[in-house]
1. Tell me the per residue accessible area of the range 47-86 using a 1.4 Å probe; a whole number in Å² is fine.
2. So for the pair Ala62, Lys14, with labels modelled 7 Å out along Cα→Cβ, what separation do we get in nm?
3. May I ask you to list the residues of the range 134-174 whose amide nitrogen lies under 15 Å from a point 7 Å from Cα along the Cα→beta-carbon direction of Glu234?
4. Roughly how many debye, to the nearest 20, is the charge dipole of the chain about its Cα centre, given +1 on each Lys and Arg Cβ, -1 on each Asp and Glu Cβ, and no other charges?
5. Of the heavy-atom accessible surface of the range 7-80 (probe 1.4 angstrom), what whole percent is carbon and sulfur?
6. Of all DSSP beta bridges in the chain, what percent run antiparallel (nearest 5)?
7. Counting alpha carbon pairs within less than 8 Å and at least 6 residues apart, what relative contact order, in whole percent, applies to the chain?
8. Suppose each label sits 7 Å from its Cα in the direction of the beta carbon; what would the Asp118-Glu97 distance come out to in nanometres?
Amino acid sequence: MIVIPIGIWGGYPKANGATSSFLIEHDGFHCLVDCGSGVLSSLQNYVPLEKLDAVVISHYHADHIADIGSLQYSRLINYYLGNPSPALPIYGHDRDEENFVKLSYKEQTIGVAIQETDIVHIGPFEVTFCETVHPVYCLAIKFTVDGRSVTLTADTEWHDKLVEFARGTDLLISEANLYEEHLGKAPGHMAGSEAGKLAKLAGAKRLVLTHLPLHGDLTEILDAAKEVFEGEAELAVVGKAYEI
């Protein structure tokens with residue numbers, strides 16, 4: 001399994017960047033996790049849009065869905081050009097019916113409802129979910145294949161359930177949107193120390209931090225995580241291939 005960060009920012013992207021998103025590949029199958037602002041442009045550096053096999057959406061805040069419409073339109077244009085593709089499945093929860101129905105578009109994409117208790121097979125992956133603590137309903141996501149796993153926290157405050165959900169994961173991709181001085185002051189997000197604590201308690205083999213703030217010195221967030229987690233930890237790097 002190969003995991004490639006497509007974007008690393010929370011809220012909105014820096015110039016020429018993209019919000020937090022990851023491409024997960026195995027045996028030629030390509031699954032995109034979240035599709036926010038700037039993601040569609042960045043994604044094309046790593047896979048042609050028509051080769052995308054599935055998309056999973058953690059929740060419906062703009063920084064996780066802003067480019068869904070553009071992705072849908074890209075497939076419609078190819079259809080008009082005589083290069084149709086099978087309908088692209090986009091997996092998302094249906095707690096927000098208004099946004100869920102938008103995942104389906106003119107037979108180019110089809111929304112597939114997911115729930116916290118589901119075990120879903122997407123291509124070669126077994127995919128499971130865990131509700132997070134966020135202002136809107138949001139799901140952490142775990143991909144497992146051939147006995148190896150990557151767990152993405154999505155957007156969340158500290159949540160004890162995530163420890164068991166991420167237990168023994170080979171790669172923990174954790175949001176770390178807050179500096180330590182903002183811990184507990186911004187709802188729905190974690191600081192670097194909490195991401196490190198989650199990796200340590202879950203016994204994760206490796207930690208990658210994402211959904212990063214656009215201000216300050218990001219090494220402070222990484223250092224806070226490393227003070228707690230003794231394993232390998234780093235800030236997500238766009239385009240880097242993390243092999244599991």
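1. Values: 1840 Å² over 40 residues.
Per residue, the range 47-86 has 46 Å² of solvent-accessible surface.
2. The two pseudo-label positions are separated by 2.1 nm.
3. Correct set: 171-174.
4. With only Lys, Arg, Asp and Glu charged at Cβ, the dipole is about 400 debye.
5. Carbon plus sulfur share of accessible area: 48 percent.
6. 55 percent
7. Rounded, it is 17 percent for the chain.
8. 1.7 nm
The values are calculated or read from the model by the stated rules, or taken from the named source; none is laboratory data. Keep in mind that what you see is a predicted model, and the values were worked out from it rather than measured. Neighbour counts run over all protein chains shown; Cβ positions are idealised from the backbone, glycine included. Note: accessible area is taken over every heavy atom of the protein model, side chains too, but ligands, DNA and RNA are not part of it. Shrake-Rupley method; radii C 1.70, N 1.55, O 1.52, S 1.80 Å.
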